[in-house]
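Novice: My questions will all concern the structure given below.
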Amino acid sequence: MVHIGINGRSMFRQLTGVQHYAREITREFCALDAPDVDFTVFSGREGRDGSEPGMPLKTSFIPAGSPIKGLIWEQTLLKRMTKKSGVDVLFNPANVAPLYPPVSSVVTIHDLAFLLFPEYFSRSFGAYYRAMIPRIASQASMVITDSESTRSDLESRLGVPGSKIAVIPLGVSPDFRRHIKKSVLEEVRQRHNLPRKFFLSISSLEPRKNLKGLVDAYSLLPEDILAEQGLVLVGAGNRVYANPGLSESLSRLGRGSVMTPGYMPSEDLPAVYRLSTALVFPSLYEGFGLPVLEAMAASTPVITSNRSSLPEVAGHAAVLIDPESREELAAAMELVASDSGTRNLLIERGKKRAALFSWKKTAQQTLEVLKSAAY
């Protein structure tokens, strides 16, 4: 019997890509038929909110959600909880882990953006990650990452031996593949005040997500397409005005319509993808790029970058562009909006591509790594 502990520090926060991965893979672990394995999920006080019924939780008396309290919890209480519970291996799904872990430790490092693009992060966050991640990777029994692109970064930038790295792609929820009634689509459209037709972006406001480049490319579209297609930046919200470059691009936009609805509930995302003309994901760097798979599963055409892991994830099922060429991005958006043949081809290829990925497969492969690290 192998007893696996899971670092649940990131699991009870507003979902970004890393938090989504942590929650999905933990849910799949709990659903797996694995009689030779026990799981315990460790969390701060926020784990008592009842949002994860059936999950084998052990919570502490202090919260672990905020950056400072989370750091203290991870480096002190989590180590004590792990040792006291008698786990054989501790799985850390969200980039960070306890230093000098009391048991064998496996960490998933999703990307090295903090190292490759330090100018895009706050000074304190960047310094913390640059100090911690190399030590965490060195002390871990195994490092899991999402793509061959990030494996290469880990080897060349941090000196992690290739034999110590397991590449396990992320999955996509079956919720994105399910049929959605027209009435439900319309209800979601009206609730979020979405345009009849629109290009969709789903990302955080980090500069590497290249939202300024997307807005600039959108402004180059022909008049007839701008009159017909809006641009919806999900995840950005009013914080766009804290980004001088993006704010300036929006203020110069004399034509078209850009909406910034902010964070959307995860249960609405399949419908939002389905309503859109295309997902446009022109990121400068990604460890994986989960929205690409989600859009493909939801029968939505994808335009994305020819950089980092994104060609690896998209395969031949997306329009790949140079994210630093606004003219190339605008041409791709015009093509998808105006050519139904291209759009239908991308939809069919995308559905086949997304069908290759599942959270169950991700969990099964990860479990094999955890078992090997426990012995």
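Novice: Going 7 Å from the Cα of residue 62 in the Cα-to-Cβ direction, what parts of the range 88-120 have a backbone nitrogen less than 20 Å from that spot?
Specialist: Inside the label zone: 96-102.
Novice: Debye sum, Cα scatterers, the range 161-296, no solvent: what log₁₀ I/I(0) at q = 0.09, 0.10, 0.11 1/Å?
Specialist: For the requested q values the scattering log ratios are -0.30, -0.36, -0.43.
Novice: Any idea of residue 267's accessible area? Nearest 10 Å², probe 1.4 Å.
Specialist: Number for this one is 120 Å².
Novice: Straight-line reach from residue 197: which aspartates and glutamates fall under 16 Å, measuring Cα to Cα and dropping same-chain residues less than 8 apart?
Specialist: Candidates past the 8-residue exclusion: 186, 187, 223, 224, 228, 334, 339.
Novice: Given the chain, what whole percent of its Cα pairs are spread farther than 26 Å? Could the numbers behind the result be given before it?
Specialist: Details: 36760 of 70125 pairs.
Percent of Cα pairs beyond 26 Å in the chain: 52.
Novice: Leaving ligands, DNA and RNA out of it, report the carbon-plus-sulfur percent of the accessible area of the range 67-177 at a 1.4 Å probe.
Specialist: Values: 2590 of 4680 Å².
Carbon and sulfur: 55 percent of the exposed surface of the range 67-177.
Novice: Still on this structure, I have one more. Which stretch or stretches of the range 174-192 have amide N atoms under 13 Å from the point lying 7 Å from residue 267's Cα along the Cα→Cβ direction?
Specialist: Counting backbone N atoms under 13 Å from the label point, the list is 188.
Novice: Considering every Cα-Cα pair within the range 1-150, what fraction, in whole percent, is farther apart than 26 Å?
Specialist: Values: 2287 of 11175 pairs.
I get 20 percent for the Cα pairs in the range 1-150 exceeding 26 Å.
Novice: With a point put 7 Å past each Cα toward its Cβ, work out how far residue 327 is from residue 16 in nm, to one decimal.
Specialist: About 3.5 nm, to one decimal.
Novice: To the nearest 0.05, what FRET efficiency results for residue 75 and residue 253 with a Förster distance of 51 Å applied to their C-beta separation? All intermediate terms of the calculation are to be shown ahead of the outcome.
Specialist: Numbers: r = 46 Å, r/R0 = 0.89.
Efficiency at R0 = 51 Å is approximately 0.65.
Novice: Give the share of C-alpha pairs in each 10 angstrom bin for the range 231-359, from 0 to the last occupied bin, in whole percents, shortest bins first.
Specialist: Reading upward from the zero bin: 12, 41, 38, 8, 0.
Novice: Provide the descending list of Cα extents for the range 114-172 along its principal axes, expressed in whole angstroms.
Specialist: Principal extents (largest minus smallest coordinate, Cα): 31, 29, 19 Å.
Novice: Mind checking which aspartates and glutamates have their Cα closer than 16 Å to the Cα of residue 83? Skip sequence neighbours fewer than 8 apart in that chain.
Specialist: Excluding near neighbours in sequence, the set is 38, 74.
Novice: While we're looking at this one, here's another question. At 20 °C and a viscosity of 1.002 mPa s, what translational diffusion coefficient does Stokes-Einstein give for the range 322-374, taking Rh as the Kirkwood radius over Cα pairs? Give it in µm²/s as a whole number.
Specialist: Numbers: Rh = 14.3 Å.
The diffusion coefficient I find is 150 µm²/s.
Novice: If one computes the Cα centroid of the range 100-132 and of the range 1-55, what distance in Å separates the two points?
Specialist: If you average the Cα positions of each part, the centres end up 21 Å apart.
Novice: When the helix-only estimate is applied to the chain (DSSP H runs of n ≥ 4, each -39,500 (n - 2.57), divided by the residue count), what is the mean residue ellipticity at 222 nm, nearest 500 deg cm²/dmol? Kindly include the intermediate steps, with their values, before the conclusion.
Specialist: Working: 16 runs with 159 residues, N = 375.
So the helix-based figure for the chain works out to -12500 deg cm²/dmol.
Novice: I want to check the label-to-label distance for residue 371 and residue 38. Put each point 7 Å from Cα in the C-beta direction and report it in nm to one decimal.
Specialist: Calculated label separation equals 1.8 nm.
Novice: Might you tell me the accessible area per residue for the chain, computed with a 1.4 Å probe and given in Å²? Let's see the in-between values first.
Specialist: Values: 15900 Å² over 375 residues.
Value returned for the chain: 42 Å² of accessible area per residue.
The values are calculated or read from the model by the stated rules, or taken from the named source; none is laboratory data. Since this is a predicted model, take the numbers as computed values, not measurements. Note: ideal-geometry Cβ built from the backbone for every residue, glycine included; neighbour counts use all protein chains shown. In case anyone asks, the SASA skips ligands and DNA or RNA and just uses the protein heavy atoms, side chains included. Shrake-Rupley method; radii C 1.70, N 1.55, O 1.52, S 1.80 Å.
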